[in-house]
Each structure stands twice: as structure tokens, then as C-alpha cells.
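Read the structure below first, then the notes.
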Amino acid sequence: MLYLAEVQKQKSGFGLGSGKAELKLLACQRGEQSWAAVPGSETIPADDANNLNAGTLVLVDLSPNKQIKGNIEEAANRLVSILQGFSRGQEKIKTKEEEIEQWMQSLTYQSQELQRREMELQVREEEIAQLDSQREEIQGSSEEAQRIRDELQAKQQELDAALEKLQSEKQTMEAQVAQSQQSVQLDEGLATHVQELLDYLTQTTPPMASLGEQIAVVLEQISAQQAVLDEHWQRLEQHRSQAQVEEQEAEAKQQELGRLRQEWEQNQGDLAEAHSQLKLLEKTLSIQQNHGNTLDAQVKNQVLLREQLVQLSEMFEQVAVVQKVDVEALERMPIEELQGVAQNLQQDLDKIFQFVNGQEEELKLQRETIQELEQKLANSHDSERWNIQRNLTDEQEAYQMLDQTLVGQRRNLRERQETLTLHQAVLARRQGHGDATPIKQAQPMDPVLAQIDQQKQILDQQLAQIKQEIEQTRQSLDGVQGQVSDRANQMEGKRQAIEQLEAQLAQLRSSAAQLRGRVTTYEEMLQPLQDKLNELKAKLEEVSTLLTQGQETEGHQQQAVTQLRDLLMGLMNSQSAELAAS
């Protein structure tokens, strides 16, 4: 199972150097993206971690009995990958939240639009009910007009029959009048029959005035219905004009939307470029900070190393030589032999010093190589970065291995130096220099300390330079972050403007479509009503014409009846006068 652990090192004797390394288990992997904290402070020994600094986070694969399997891997890259994955997950969550918010706003808008359409539908239903009522009224008026027309036609037929009969009687009467001129004799029965016919014609005259009033009422109703229909036709034209206006506004907003989208895409490209520059600066800053941390750690190591060298010098002067050199044997040894031993120790010390000094020079060269690679990495392109990083890792590993190797060699050098110093001190005392201070032979240690001081000075200069570069990069980063923020705000403003314009465009198109549908519905409903009303009006005008003709016929009928009545009365009076004269 894979564990995340922290490297811990126990202090060695006298509080100097690093002891054996241990791994403190912090968390274990439960799944591909799931980690669980390890309870307590469980640690396991790990010799392979001796070359790692205390506090370093590592990934280690452990068996069920907590045995290390495979190599120990530094967790920095994996943690960065996990944090990047977490960051991408947060961005996805934020994106989903924005989408949910947009959906909620869309649902709210759709709900409001649905309520508005329901209200419009209610209004349309009321208008349809009103049109249905008008259609029923028109239908009733049409039926009434048809009834009047039928009644008028029936009366006209009766009037025509009466006129024909009256014409026949008139002809008969005229024949009788002609005959009476020869024989002034008028049959009393015929006179009575003619009188009855005249009375019948007078009584059966159709009520033309009443029919005219009914037709006038119906025409008034038709005019009222036409006025209502004219209002609806006017409203239909208003809807048609409004639909045309909204369609033109929608077309203008569509063009404006296209322009805003083009600007948004251009700004998106600028923002992507700014993000790339920002990431490059962040990467540069991270590399510079890592380089600074490395230099700072090296400076601290130089200080610590110098302190340890000083402490080791003092300790070995006082303890180490006493523990390893038999001073009494040196006191009993012949002077010539003691001189030979001292000379041999001096020769061995010189050889070891030369070897250690060469190793220190090689370590210095590797450190300079690491600094050059770090500088190249900071200024490299993406295509070269991987190779430089790999070379830098190899050099750092070689540097650590050589530095670990030199730890024992430096200790051996100090021990031999102190042993030689003790031999020389005993030899000097036996040669008669008893009150002379033992010679410490500080020459091999002093150059090392001087070299450490020189290296620390160089590192301090490099650290100051990298801090200055970090500050410059941070200023550049702040400027680019400000640009990114401003462009992001501009993008957000344009995005909101686009969404608002899209909503307005959708509303205009929906409103225009509804108006077009309403115009179509009105036309489909109003045109049949208008046709029916026009047909009814035409019928009523035809009835009115017949009524006028009937009124003219009625006048002629009354005139004929009056003439016949006068003629009959003249004949009857003439006959009465003749009878009285005879």
C-alpha cells in the first residue's frame, strides 16, 4: 500500500551530524483519488532515506507487515500533481455551479415567460369568446334578416296575387262600364262584390312601415357588429406592425450579438495569452524560489558545517586523541622511533589532505554545475526544460552522494590531524621543550574553514541576487495578474452583456412569433365573420330594395283602389239619379 511519510533523523552522538533515518507515516492511499490519515505517530526505519533531508515528504510502498517495497520517492511532484488535480476539480465544480446558476436563471426566465404566455392565452381566450359571441349575434341577425326576407317575399306574393285579381276585376269592371254606357244598368250584386274586393285590398296591404323598421334595426345591429370587427381589424394591423418592428429590432440585436461575440472571442484569445504569460512567470518564480531555498539551505549548511568543524576540532583535541593514542607508549618509545612515527603520520596526513582537498574541489565544481543548470532551467523554453531538469536531478544526486562520501573522509582527516598533533607534542616535550605549547598543525583545517567561508560568501551573493530576481519576477507577476484580472472582468462583463442580449433576442423573437401567430389566428377568425357580415348586409340591402319596390307597389295599389272606388261610386250615383228621374 502506498503511504505518504515524513523523513525524520535522530541526532548522532554529541548532537552532531545526522543519525539513522526513519519515516513517520502520515497518510495511506485508499483509492485512486482517496487518502486517509494514519492515526498516531507510527514510524518505520528506512536506511534508504539517509541521503534525504529531515522533514522531506516522500512516497513509499509498504507491505502488510510494514516492510519497504521498491524505492523511496520524493512526494513533491506527486503532491503538486494532486494539488493540480484538486485545483482542476475545484475549477470544474465552480464551472458546474455557474452552469447550475445559469440553468436556474433560465428556469426562472422560462417560468416568467410561461406565466406571461398563460396571461396572454387567457386574454386570447376572452377575445375568442367575444368573437364567438359576436358570431352568434351575427348568426342571429342573419336568421332574423332571412325571416324578414321570407316574410316580405310572402307578402309580396300575396300582393302580386291581389293585384292580379284586382286587375282582372278592373278589366271586368271596365267592360261593364263600357256596357253600361249602352245600358245604364249596374247589377247590385256586382257592385257589392266590387266593394268587398276594394275593402279586401285595403285591409290586406302588407305593413311596409313595420318591415322597414325591423330592417333598420337589423342594419343598426350589423353596423354595431361591423364597428366591433373594425376594432379587431385595427388591433390585428397593430399586431402586424408591432411584429414587424420587433422583427427589425431582433435583426439589429442579432447583428449586435455577433459583434459582441467576435469581441468576446478576441478577448478570450488575449486572456489565454495573458494566462500563458502568467503561468510562465509563476513557473519562473517557483524555480527562482526553489533556487533561493536551495541557496539558503546551502548557506545554512555551510554555517552548520563550519560550526561542526570547529566543534570537532575542539573535541578531537581534547578527547579523540586521548581515546585512540596510547600516550604512555609514546613516552616509553625511543625518540628516534617516535620521530619516525611522527614523520610517517605527517606523510599520511599530507596524502589524505590532498585527496580530501581534491574531493572538495570536485564537490565545488559540481555545485557550480548545479547552479548553472538551475540558471538555464529558469531561462529555458518548454521544449528544453525536461532535459535540463533531468540533468539537474542527476547532478544533484551525484553531489549528495559525493558529499555523503566526504563526511567520513573529513572525519578521518581530522582524526589523523589530531593524532599527529599529539605525537608531535609528546616528541617536543621529550626533546626538552616541556613547557612548549603542543603544535596543533592547523594548516589542513584552516584552508578548509577558509574555503567554507569563501563558499558562504559566494552563496550569500548568489542568494542576494536570486532574491532580487524573485522580487522583480513578483512585480512582473503582479502586473500580469492585474492584466488578467482586468481582462477577466471585461470578459465577464461582455459575457453578461451577451447573455442579456441573447435573452432579449429570444424574447423579441418569441414575442414576434406570438404576434405573427395572433395575426394569423385573428385573420382566420375575423375573415369568416367579416364575410358572413358582408353577406348578411348584402341580403339586407336586397330586402331593402324589395321593400322599396313593395312600398311603390303599395302606392300604386292604393291609387288603383281609390280610382275604382271613385268610379264605382260615380256609377252608383249615376244609376240612382236615373232611377229617381224615371
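Here are the numbers for this structure:
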{"item": "Every pair of residues 6+ apart whose Cβ atoms lie under 6 Å, when the first sits in the range 359-382 and is at negative phi while the second is among the aromatic types (Phe, Trp, Tyr) and modelled with pLDDT under 85", "result": "Gln366/Tyr399"}
{"item": "Residue among Gln417, Gln409, Gln424 that is under 22 Å from Gln366 (Cα atoms), at pLDDT 80 or above and among the polar types (S, T, N, Q)", "result": "Gln409"}
{"item": "Leading residue by the ranking (farthest from Thr294 (Cα to Cα)) among those in the range 47-78 that are of a type in the set (D, E, K, R) and free of Cβ contacts under 8 Å to residues at least 60 places away in the same chain", "result": "Lys66"}
{"item": "Condition check for Glu237: modelled with pLDDT of 85 or more, charged (D, E, K, R) and either in contact with a strand residue (DSSP E or B) (Cβ under 7 Å, 6 or more places away or on another chain) or surrounded by 13 or more Cβ atoms within 10 Å (Cβ to Cβ) (or both)", "result": "no"}
{"item": "Any hit, the range 507-528, residues being modelled with pLDDT under 80, more than 23 Å from Gln130 (Cβ to Cβ), in contact with a Leu (Cβ under 9 Å, 6 or more places away or on another chain) and of a type outside the set (Phe, Trp, Tyr)", "result": "no"}
{"item": "Test: residue in the range 64-71 that is in contact with a strand residue (DSSP E or B) (Cβ under 8 Å, 6 or more places away or on another chain) and over 20 Å from Glu397 (Cβ atoms)", "result": "yes"}
{"item": "Test: residue in the range 395-409 that is in a helix (DSSP H, G or I), out of contact with any helix residue (DSSP H, G or I) (no Cβ under 9 Å at 6 or more places or on another chain) and under 30 Å from Glu282 (Cβ atoms)", "result": "yes"}
{"item": "Residue within the range 488-498 that is closer than 16 Å to Gln254 by Cα, β-branched (Val, Ile, Thr) and touching a residue at least 60 places away in the same chain (Cβ under 8 Å) present", "result": "yes"}
{"item": "Candidate set: the range 375-410, residues that are acidic (Asp, Glu) and within 41 Å of the chain's Cα centre (by Cα); chosen: the one nearest to Lys279 (Cα to Cα)", "result": "Asp382"}
{"item": "Residues within the range 322-358 that are under 16 Å from Ala428 (Cα atoms), surrounded by 12 or more Cβ atoms within 10 Å (Cβ to Cβ) and in contact (Cβ under 8 Å) with a residue 60 or more places away in the chain, tallied", "result": "8"}
{"item": "Hits in the range 30-79 - residues which are of a type in the set (D, E, K, R) and closer than 10 Å to Tyr3 by Cβ", "result": "Glu42, Asp61, Lys66"}
{"item": "Qualifying position, being among the acidic types (Asp, Glu), modelled with pLDDT under 75 and assigned to a helix (DSSP H, G or I), among Glu492, Glu499, Glu578, Glu535", "result": "Glu578"}
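Residue-by-condition table, conditions (1) small (Gly, Ala, Ser); (2) surrounded by fewer than 15 Cβ atoms within 10 Å (Cβ to Cβ):
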| site | (1), (2) |
| --- | --- |
| Ala5 | yes, no |
| Glu32 | no, yes |
| Ala36 | yes, yes |
| Gly40 | yes, yes |
| Ala46 | yes, no |
| Leu59 | no, no |
| Gln90 | no, yes |
| Glu97 | no, yes |
| Glu101 | no, yes |
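Every residue, every condition in (1) farther than 24 Å from Leu52 by Cβ; (2) among the polar types (S, T, N, Q); (3) crowded, with 16+ Cβ neighbours inside 10 Å; (4) touching a Phe, Trp or Tyr at 6+ places or on another chain (Cβ under 7 Å), yes or no:
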position: Glu368; (1), (2), (3), (4): no, no, no, no
position: His381; (1), (2), (3), (4): yes, no, no, no
position: Asn387; (1), (2), (3), (4): yes, yes, no, no
position: Gln396; (1), (2), (3), (4): no, yes, yes, no
position: Arg429; (1), (2), (3), (4): yes, no, no, no
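The values are calculated or read from the model by the stated rules, or taken from the named source; none is laboratory data. As the structure is a computational prediction, the values presented were derived from the model and not from experiment. For neighbour counting, all protein chains shown are included, and Cβ atoms are generated from backbone atoms with ideal geometry for every residue, glycine included.
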